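Remarks on the structure that follows.
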Amino acid sequence: MPIIDLQRRMRQLGEIRIGHVVSGVSKKGTAYTRPAKLNHFRFTSPSREILASVAALYGGEVQPWTPANGGPSEFEVYSTTNRLPVLIPPQNAVSQWYELYAGSKCQRRCDGVTEHKADRPCMCNPERRDCSITTRVNVMLRDVPALGQWLLVSKGYYAAVELPPAAELLAQAGGYVAGWLGMEEKLVQRVEGPARFMVPTLDVEITPAALMEGQITGAPAAVTAGERPAIEAAAAPAGPPRDYLLEAKQAATQGEVLAIFQAAKNAGAPVAYQEQIKAIGLSKPAAAQNTPPAHHDSVPDEDGAVDAEIVGDDDVEDIWFQIIAAAGPLGLTTEQVEAQFAEQNSGQRPATASAARLREFLAALKAVRS
């Protein structure tokens, strides 16, 4: 059993960063340094070996690095990715404080009411704080062979308001949740001109409803009595898992997303994960090269489909995606739709059906919805 009055925490392997410090010379000849955003994640760690694994997975080269605040020398890797497969811990995934630093030393750490370094009331003017909002995100990198967490620190407003609600929901899971740590660029129009900056994001491979039901995608498989984990089978580390969600977002048409959807389904992705891909597909345009203009009085339904549209026979994928979309409001899963289609078409599966047969089935589904 653990010692009751000691707080346990997992080892911090390093930091994941979305910026770095650059130096230059002003027009007046004065040397300066300033922070600058990055488009891909940067990793720092005291361990060269761990960063070598990071570089092998996510690109970049390990090189020496000395912190600007005079801390101990470490190593760094400028990766080539802006999206990382992670495990999100159920507790303390995200923490926030108002903090004030002098060099590398924290002078104040406040929750907005109490300054905890000296156990006194908050000293800042709420309208003009001396302290900066500091948001910390702790994650495990799913594919890096090292046991511990990685820290990402952000002092931005959007990270402060967007990440904590996600962490509070994840805390209800009671276990590690598989997800993705990403970054996205924000553009804000200010009086002095537009400002662009990077904001960290957390995505999970599960719907909120499934999460609240305890369907944790990051939980390890149970091992029954007498069984041994197949450690021998994992001698060669696997590469990063395929990110179907990212592929769907980058796809140009519904047909492309459908192919990604089918691949995720065949790979055994959770139903909730498949539903996220489906939702992305609904926001994509259908292939238009073989689609004549719709009648002027045609009105798209809530799925974005026009009843009067005519789709060429070589666009069966687009029709099938419309079928999946139309079945959603009826509470039908993809498997149920495939079974219903086969039942109505003498056992023929949708994958081998003609465009005309698929259109008939789509019309029947829409008739049921109306």
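Taken together, the values in this text are just the output of simple stated rules run on the coordinates, not laboratory data. What you see is a predicted model, and the numbers here were worked out from it, not measured in a lab. Cβ placement follows ideal geometry from the backbone for every residue including glycine, while neighbour counts extend to all protein chains displayed.
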Longer than 19 Å from Cα to Cα, which of K155/K186; K37/K186; K37/K284; K37/K155; K249/K284; K105/K155 are they? Say none if no pair is. K37/K284
Using modelled backbone amide H atoms (1.01 Å from N, in-plane), which distant-in-sequence or interchain residues come within less than 5 Å of K284's amide H? none
Sort out for me the Cα centre separation of segment 330-364 from segment 118-134, rounded to whole Å. 62
By average Cβ neighbour count within 10 Å, what is the ranking of 135-144, 355-364 from highest down? 135-144, 355-364
Cβ-defined net charge surrounding C122, 10 Å radius [Lys, Arg +1; Asp, Glu -1]: +1
So for the pair R196, S132, with labels modelled 7 Å out along Cα→Cβ, what separation do we get in nm? 2.1
Taking 0.36 nm per residue of separation and subtracting the Cα-Cα distance, what length does fully extending L187 through A339 add? 50.0 nm
Output ordering of 80-90, 106-116, 338-348 (per-residue mean of other Cβ within 10 Å, highest first) is 80-90, 106-116, 338-348
Using the count of nearby Cβ atoms within 10 Å as a rough guide to exposure, how do K28, K37, K105 rank from fewest to most? K28, K105, K37
Quote the FRET efficiency, to the nearest 0.05, computed for E61 versus T33 with a Förster distance R0 of 22 Å and r equal to the Cβ-Cβ distance. 0.45
So what's the net charge close to A55: Lys and Arg +1, Asp and Glu -1, counting the other residues with Cβ under 14 Å from its Cβ? -2
Subtracting the Cα-Cα distance from 0.36 nm times the residue separation, let me have the gained length for Q250 to H40 in nm, one decimal. 73.9 nm
If amide hydrogens are placed 1.01 Å from N in the peptide plane, which non-local residues have theirs closer than 5 Å to the one on Q107? L100, Y101, A102
If R0 = 45 Å, then C106 and A263, at their Cβ-Cβ distance, give a FRET efficiency to the nearest 0.05 of 0.40
Full extension between H20 and A363 adds, at 0.36 nm per residue less the Cα distance, a length in nm of 117.9 nm
Cα-centred dipole magnitude for segment 1-113, charges only on beta-carbon of K, R (+1) and D, E (-1), debye, nearest 20: 400
